[in-house]
1. Where a ≥ b ≥ c are the square roots of the eigenvalues of the C-alpha gyration tensor, would you call segment B:109-336 rounded, which needs a/c under 1.5, or, failing that, prolate if a/b is larger than b/c, or oblate?
2. Would you pull out the residues with amide H under 5 Å of residue A:392's amide H, same chain only if 5 or more places away, H placed 1.01 Å from N?
3. Using packing as a proxy for protection, rank A:533-544, A:265-276 so that the peptide with the highest average count of other Cβ atoms within 10 Å comes first.
4. Measure up B:9/B:31; B:7/B:36; A:574/A:677; A:596/A:657; A:732/A:755 against 19 Å on the Cα-Cα distance and list the ones that go over.
5. Run the numbers for residue A:615 and residue A:718: contour at 0.36 nm per residue of separation, minus the present Cα-Cα distance, in nm.
6. Roughly what would the spin-label model give for residue B:43 and residue A:727, points 7 Å off Cα along C-beta, in nm?
7. With just the Cα atoms defining each centre, how far is segment B:1-24 from segment B:52-125? Give it in Å.
8. In percent, how large is the relative contact order of segment A:200-401, given Cα pairs closer than 8 Å and 6 or more residues apart?
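The values are calculated or read from the model by the stated rules, or taken from the named source; none is laboratory data. The structure displayed is predicted, hence computed values, not measured ones. In this analysis, Cβ positions are derived from the backbone assuming ideal geometry, glycine residues included, and neighbour counts consider all displayed protein chains. Quick note on the areas: whole protein, heavy atoms, side chains included, nothing else; ligands and nucleic acids left out. Shrake-Rupley method; radii C 1.70, N 1.55, O 1.52, S 1.80 Å.
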Amino acid sequence: MLVPLKWLNEYVKIDDIDPQEFADRMTMSGSKVEEVIETGKEIENVVTGRIVKIEKHPNAEKLVVCQMDVGSETIQIITGADNVREGQIVPVALHGSKLPGGVKIKRGKLRGLESNGMLCSAAELGLGEYVPNAAAGIYILPEDTKVGVDIKDVLNLGNAVIDFEITSNRPDCLSMIGMAREASVTFNRPLSIPEIHVKENGQDVNDFIDVEIKAKDLCTRYGVRIVRNVKIEESPDWMKERLKDAGVRPINNIVDITNYVMLEYGQPLHAFDYDKISGKKIIVRRAKDGENLKTLDGKDRKLDNSMLVIADPEKPLVVAGVMGGEDSEVTEKSSNILFETANFNGTSVRLTSKKLGFRTEASSRFEKGIDPNIALDALNRAAELVVELKAGEVVSGVVDNYDNELRPWTVDISPDRINRFLGTDIPKDKMVSILESLKIDVVDKDKDVMKAVIPTFRADIELEEDIAEEIARIYGYNNIESTRIKGEALEGGLNREQKIEGIARDILTGSGLYETITYSIVSPDDFDKINIPKNSALRNTITILNPLGRDLSIMRTTLIPSMLEVIARNYSKKIESAGFFELGRVYWPLDDKISKLPEEKNMLVIGMYGDCDFYDIKGCIELLLQSLGIRKYEFKRESDNATFHPGKTAKLEVKRKNIGIVGEIHPDIIERFDIPKHVYICELDFDEIVSLSELDKHFKPLPKYPSIERDMALLVDRNIMASEIEDIIREKGGNLIESIKLFDVYEGKQIPEGKKSIAYSIIYRSDCRTLKDDEVNKVHDSIIKSVESNLGAQLRL
Amino acid sequence: MRDQLLKIKKEASEDIKKASNAIELDNVRVKYLGKKGSLTAILRGMGSLDSEERPVIGKLANEIRSEIEELINEALESVKERERHEKLKSEIIDISMPGRIKNRGARHPLTIVLDEIKEIFTGMGFLVVEGPEVELDYYNFEAMNIPKNHPARDVQDTFYINDEVLLRTQTSPMQARYMEKNKPPIRIIVPGRVYRSDTPDASHSPVFTQIEGLVVDDGITMGNLKGTLDIFARKLFGEDTKTKFRPHHFNFTEPSAELDVSCSVCKGAGCSVCKGTGWVEILGCGMVHPKVLEFCKIDHRKYSGFAFGVGLERVAMIKYGINDIRLFYENDIRFLNQF
Ligand SMILES: [Zn+2]
């Protein structure tokens, strides 16, 4: 909401306050300032000049050479514009001048002739939005403009305008009078709203028009005035200046009046060409299903029964509060006009404008809610302006249909409760004076519980807490003392799952991985990209009805594509090797009719590429599981997952439960992501890991008796798995085995084709006695025999 | 003979002093104490002495012998010591060569800041709770005092799943979910992802992170809200941080405020982070709206509370001087390894 301070000053004297200070104090009393603007601030050293003489440029067909009288001297300027004539007065950017957008103008030569500046178009002065065809040629100023004057004075620039952010609870502040009310409270200065006097022509409005409201649920008030013998022309400068400063483009006197009054009072008005209304009658009714109306923008709109229209007995004229009709639009030819002021149901306007896909300044104001009691003032103000601008003669009287008048309501307030709620000690008198300055009357002032009488423009105030806010913001939030919460100390802290998440992050970052965070809304094309079968449950997703695009249209069911994208992005940035992890949610649709919500599961995905192999990522997982107290787990071969390499993939089982998958990503997929390296990824069910984790630690005494170490190098078929050998070692060694360490695996030279050498170091120890060599040798031999007979292994010597 | 002995002693000690290494010292030993050594020769020649002189000279000779031995040993020790020192000194490595760093790894900056925030609030007795991201319209809006067709809904730019289900636009729905199940005293923070239909650019992201805070108890005041958030701001941005509470509007709080903190980058002097104002807005807050308490069956005549919502990305951007929100979600390692 753009508020020109000059305009505001008409209702409350603030012109002695620095605009920045004004903005700061308004912000602190509840009207948040987005920006303090000085119109034309970027323009420097641009003056008015008269074109004394125009000659053709000797060296360029499209250029002309102008001798410019700029007051102090006559200078030569070359221009390419073709709308310049001798005698015209135009804006001249002198040498060293500045224009909006940081443009600097300097003296220079154009095709051999000196040019001492530039003649400006309206667009070049930043007036593109307000002047028709602003960029088409040089901005020709009125003939009586003085020469050699700063252009900012001529165009009424240099004004302070404040851009306020008006919150949805304060539609009353979407007006100069509303903001003046706030300023008057903030600066404790009197508010003066000029009284309205309309000079009427003596004819009776009832002879011209009759109004019937058929849909009273959608229209609480409808008032009209008639203006005769209108003369459509430009508005006076003062009005155009205010409109421009408030961000509204001047059109003609009648349209400008409706806009001016809307900005001043916050009440949208609509002007009809009276002669296009049949039967001297306005009917406010619901549209008929399928009824058509050609709107101002020239489009045929199909209406339905949920929409409110303003009609005459024959046809709809406008969509109420949303958009005018082309037929009844005010044009240069109009000679009689009907001004409408109305209060339409906000929700209805909102739904209608949504259905029609069209939002106007008026419709958005109706949506937010307007005090029905300002309707008549606004209408009369428009009539007053018609007379003031000599735009026509106003017919006597108004037609005003307003059955259920909205009256002020009361809210019980207890100063004591308010102080206890705010944590303040504001005297009752102070509270009362704050409320009264806000036009909220207080009655029963001598009682503990008083009554606040809420003016109808403050629909946002219903409860004592609302009053507390009014008092607090004017008293000053920063005057409320900061205090600590009293009452019993609470335990607070992290729960088990949150602590485990923290440990997991420590372990994974300690393993050299970087944590990533990626969008949880993804593309349905991701599934094809990672070879997810058509019938996979992963494809059953939560889908967004109104996504930003296909790429961000479903809730993810796997974190793998996001991880691949992170890897691809980093690879493309010439990072040769890296590892990442993400702890994030996936979303499984649930058919549960009661919760209606999906299951949100926490998943852990780890990804690495470059200087690593399967065993690096497996090691990461093992370290994580062990750190979380999960000692028993099993990696089982998984060769049927199309996302992964069939020979280099395992599923992870804990207590016979599948908790995830780890392996090398299928080479076809890697290619699709443009990563020419091996990529290893695991995806684990983190909720399961949390529930399986065992964080309680129990001390085990350190071993008292010495250990005996035996090494064993075996030659086995290459497809024998280490786990098979280890199972046998454990089975035969029983509780004498303290640890088994695989220390070498080798294929190649000196090893027969199809075989591999695999070497273990086994540590034997008993916790109740010193082991003897004989005893260990016996066990060790039995292990060797067993691997020989069961796995066809040969002992290497 | 006595003179001879004393001369040997003197010569020997000079020779020892001159000797510069173990071999030379050994030569000294041979020269005086060896089988053909001069002292040995004298000892051998003792037979020619008379019986009175023999024990006296013998004693002296032995004393001199052990003195020389001792001197040689001492010299040998110091030579060894010197040689070892020389050897170590020659074993030079280039300490300017790069150290071997194990892969570093790091938490995501958003996690780092979130952990800090969790620590601040858990220290003040808050619990950390989480809630669903795919949420019912009821909790996201209605229970937060934003009824159907309320104009505030347009501003929110909500992603819908169906008529009743949406992606939460704020962490506030967890206020209602928590209050339905737990009675005061309540002190929680709710971190989590939220969604708004904003096209990604330097300051917008359709997915981002919020931290909701809620305190409900008997006698909670707006002064408590200010006091709690003052502590939060000072702990997060530094002890010298100043705060400014500005009136604002949210449907689920009344009174409502926005909190500005003095810019931690320029200390209030004005910079690009604070757009020259010296202040940055970090959160919205307010006293829990009585209608929200009512929705959750908490008696608003008995209890009051405050709530706040912090944008995690925004806080991290201010804290680290990051200028583009998209960097958090691109996960470029050159970004991640700065934290
Ligand atoms: Zn700053």
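1. Values: a/c = 1.72, a/b = 1.23, b/c = 1.40.
It is oblate, given that a/c is not under 1.5 and a/b is not larger than b/c.
2. Excluding prolines and chain starts, which carry no amide H, the hits are A:231.
3. Numbers: A:533-544: 13.9, A:265-276: 22.4.
Final packing ranking: A:265-276, A:533-544.
4. Numbers: B:9/B:31 12 Å; B:7/B:36 17 Å; A:574/A:677 12 Å; A:596/A:657 28 Å; A:732/A:755 24 Å.
Too far apart for the 19 Å limit: A:596/A:657; A:732/A:755.
5. Numbers: separation 103, 0.36 × 103 = 37.08 nm, distance 1.71 nm.
That pair, residue A:615 and residue A:718, stretches by 35.4 nm at full extension.
6. In this crude label model, residue B:43 to residue A:727 measures out at 7.9 nm.
7. Each part reduced to its Cα centre gives a spacing of 35 Å.
8. Working: 440 pairs, mean separation 71.8, N = 202.
Once normalised by length, the contact order is 36 percent.
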